[in-house]
Amino acid sequence: MKTKKIRNVLLFSAAILVVAAGIFAFRALTAPGRPSADTGAQSGSIDAATGNLVIQKSQVTATPSFYPYQSGNIKMEVLAVRASDGSVRTAFNTCQVCYSSGRGYYQLDGDTLVCQNCGNRFTADQVEQQRGGCNPVGITREYKTETDQTITIQKKFFQQTQEIFENWKK
């Protein structure tokens, strides 16, 4: 009888741990700013008619968000973040210097972007502003269309720049 009671307690404890692990994994995978597994992210979508990426400005915060895009068989990603001046800054999630390593992409450490190849760190205010050296590849005004509500990056631009993602190992 005592052995059966111990076994039941252990089974119940294991069940609680499995449920807790499932909840933790689900929350980690669906956290804001986390790349989506499908073609659109939480606040970005692919326009079916044009193939353009459309990001809703109202959903961009000071914490960088990532927007997946696929050009042919090349997986790409855009990051968007609201800078301290209120502007929305965009860049490819790859480093100007480290992209060819395949590990030159950024992950969040708090609100800071960290290159996974060289370890350089960037804040929201630096995105799209710094050029040359180890920085995110900025998507500047001439490569996107902005309205008060949206930022649109054209399919053609993704096709022209896909080589910087050819070795991407994310």
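Values for this structure:
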| item | result |
| --- | --- |
| Qualifying residues in segment 42-101 (those that are β-branched (V, I, T) and within 13 Å of I153 (Cβ to Cβ)) - the one nearest to the chain's Cα centre (by Cα) | V78 |
| Total residues in segment 49-87, condition closer than 17 Å to L108 by Cβ and part of a strand (DSSP E or B) | 10 |
| Residue match in segment 152-169 (condition: in contact with a Pro (Cβ under 8 Å, 6 or more places away or on another chain), at pLDDT below 95 and part of a loop (DSSP other than H, G, I, E, B)) | no |
| Sole exception among (1) of a type in the set (A, V, I, L, M); (2) surrounded by 24 or more Cβ atoms within 10 Å (Cβ to Cβ); (3) over 14 Å from I151 (Cα atoms) for L53, by number | (3) |
| Looking only at segment 119-145, and only at residues there that are without any contact (Cβ under 8 Å) to a residue 24 or more places away in the chain and assigned to a strand (DSSP E or B), the one that is nearest to L79 (Cα to Cα) | F122 |
| Selected residue (only one of Q116, Q96 is closer than 20 Å to F165 by Cα, in contact with a Lys or Arg (Cβ under 9 Å, 6 or more places away or on another chain), assigned by TED's automatic domain parsing to the domain that holds F158 and at pLDDT below 90) | Q96 |
| Candidates Q160, Q149, Q116 - the one that is without any contact (Cβ under 8 Å) to a residue 60 or more places away in the chain and loosely packed, with under 14 Cβ neighbours inside 10 Å | Q160 |
| Residues (farther than 20 Å from Q59 by Cα and either assigned to a strand (DSSP E or B) or in contact (Cβ under 8 Å) with a residue 40 or more places away in the chain (or both)) located in segment 88-103 | T94, C95, Q96, Y99, S100, S101, G102, R103 |
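To keep it simple, each residue is scored yes or no on (1) polar (S, T, N, Q); (2) surrounded by 17 or more Cβ atoms within 10 Å (Cβ to Cβ).
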residue: A62; (1), (2): no, no
residue: R89; (1), (2): no, yes
residue: Q130; (1), (2): yes, no
residue: I164; (1), (2): no, yes
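The values are calculated or read from the model by the stated rules, or taken from the named source; none is laboratory data. Not measured: the values here are computed from a predicted model. Cβ coordinates were reconstructed from backbone atoms using ideal geometry, including for glycine residues, and neighbour counts include every protein chain displayed.
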